[in-house]
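Enquirer: Here's a structure for you.
The values are calculated or read from the model by the stated rules, or taken from the named source; none is laboratory data. Owing to the predicted nature of the structure, the values given are computational and were not obtained by experimental measurement. Backbone-built Cβ (ideal geometry, glycine too); neighbour counts: all protein chains shown. Areas reflect the complete protein model, heavy atoms only, side chains present, ligands, DNA and RNA absent. Shrake-Rupley method; radii C 1.70, N 1.55, O 1.52, S 1.80 Å.
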Amino acid sequence: MARTIEVPVLRRGYHCDPARGGCLVEMAGTLPGGPWTDRSERLHPLLATVCRAVNDRLADTARGTVLIAVPWLAGTAMAGTAMAGTATAGTATARTATAGTATARTAAAGTTAADTPMAGRALGAALARLVASHAGMPAPARALRGRAARQAVRRLAARPDADERLRALLADAINLARTSAGLPVMPAGALDRPLTVTRLPVRVEAVRDTELFTVLHCRAELAGWPAELRAAWQAAQPPGRRCPVAG
């Protein structure tokens, strides 16, 4: 039986039940709806790694600033695949070229790039290069780049201005993935203003997956979400798919 619950947001870690809370990836999976998981197939896998790491490393008082990113995450699973070799992918490569091959290698190696000036943006751009080239790689390479992403986040989290640097890293990774997928990018400064909301309504239904397992399918009750999130969800859609959001 389907029911609507108020999901506490954003919480650290994985949550087996939305009543216990939701992280960035779990909440993004509710748009437009699907299984409740922090491994959502709607997100680019490396971007999801970044999101989980940033979500868990941000201070509790700062996590509300990245809630607005939720609508911009869904749909990025195609990044680096469907658009590979197109003008969009070429644009993505050009946008990240300023990071330099050495910067990308530094981030992948986990060295002290976080100690350089503007390291948050530089690491974000380097990580975005990894996002763009991630799809289609063999599993060991994908795992290596996932570790590099987590290590980059750990290093930034150790800085005095960690929250600011982590937001910059997240914004860069999101927009490179969206550019590679041919999707509208998140506006500059979107993560600078916190949302005070602490709970979001989600429609939850238990669906039998096999004879032994039941999966929770969750869909955002957008009419009950703040206007800022509803507007972001509309703006995040490809131009031909945008439609008014109820509520």
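Enquirer: Quick one: how many residues across the stretch 228-247 are open to solvent by 60 Å² or more (accessible area, probe 1.4 Å) and either touching a Gly at 6+ places or on another chain (Cβ under 9 Å) or at pLDDT below 95 (or both)?
Expert: The total comes to 8.
Enquirer: Mind counting the residues in the stretch 154-209 that are open to solvent by 30 Å² or more (accessible area, probe 1.4 Å), under 20 Å from Asn55 (Cβ atoms) and touching a strand residue (DSSP E or B) at 6+ places or on another chain (Cβ under 9 Å)?
Expert: 3
Enquirer: Residue check: is Arg3 loosely packed, with under 14 Cβ neighbours inside 10 Å and either among the basic types (Lys, Arg) or under 18 Å from Ala62 (Cα atoms) (or both)? So that I can check it myself, show each step before the final result.
Expert: Details: loosely packed, with under 14 Cβ neighbours inside 10 Å: yes; either among the basic types (Lys, Arg) or under 18 Å from Ala62 (Cα atoms) (or both): yes.
Answer is yes for this residue.
Enquirer: Take the residues of the stretch 144-153 that are of a type in the set (Gly, Ala, Ser) and farther than 23 Å from Gly189 by Cα: which is surrounded by the fewest Cβ atoms within 10 Å (Cβ to Cβ)?
Expert: Quick first cut of the stretch 144-153, residues of a type in the set (Gly, Ala, Ser) only: 146, 148-149, 152.
Subset that is farther than 23 Å from Gly189 by Cα: 146, 148.
On the way: Gly146: 19, Ala148: 22.
Among them, the one singled out is Gly146.
Enquirer: Which of (1) touching a Ser or Thr at 6+ places or on another chain (Cβ under 9 Å); (2) at pLDDT 90 or above is the odd one out, the single condition Ala79 does not satisfy?
Expert: Every listed condition holds for Ala79 apart from (2).
Enquirer: Still on this structure: Can you find even one residue in the stretch 9-26 that is open to solvent by less than 10 Å² (accessible area, probe 1.4 Å) and assigned to a loop (DSSP other than H, G, I, E, B)? Talk me through it step by step, then tell me what you get.
Expert: Going through the stretch 9-26, the residues open to solvent by less than 10 Å² (accessible area, probe 1.4 Å) turn out to be 18, 21-26.
If we keep only those that are assigned to a loop (DSSP other than H, G, I, E, B) as well, we get 21, 23.
Checked against the condition, which is being open to solvent by less than 10 Å² (accessible area, probe 1.4 Å) and assigned to a loop (DSSP other than H, G, I, E, B), the stretch 9-26 yields at least one hit.
Enquirer: Count, please, the residues in the stretch 33-44 that happen to be touching a helix residue (DSSP H, G or I) at 6+ places or on another chain (Cβ under 9 Å), touching a residue at least 40 places away in the same chain (Cβ under 8 Å) and over 26 Å from Glu164 (Cβ atoms).
Expert: Selection size over the stretch 33-44: 1.
Enquirer: Which of the residues belonging to the stretch 155-197 are within 24 Å of Ala77 (Cα to Cα) and not aliphatic (A, V, I, L, M)? Please lay out each step first, then the result.
Expert: Pass one, the stretch 155-197, residues within 24 Å of Ala77 (Cα to Cα): 166-191.
Scanning the stretch 155-197 gives Arg167, Asp172, Asn175, Arg178, Thr179, Ser180, Gly182, Pro184, Pro187, Gly189.
Enquirer: Could you list, in sequence order, the residues of the stretch 45-61 that are open to solvent by 10 Å² or more (accessible area, probe 1.4 Å), in contact with a Leu (Cβ under 9 Å, 6 or more places away or on another chain) and of a type in the set (A, V, I, L, M)? Even if it seems obvious, please write down each step before you answer.
Expert: Just the residues of the stretch 45-61 that are open to solvent by 10 Å² or more (accessible area, probe 1.4 Å), to begin with: 45, 49, 52-53, 56-57, 59-61.
Now narrow it down to the ones that are in contact with a Leu (Cβ under 9 Å, 6 or more places away or on another chain): 52-53, 57.
Within the stretch 45-61, just Ala53 meets the criteria.
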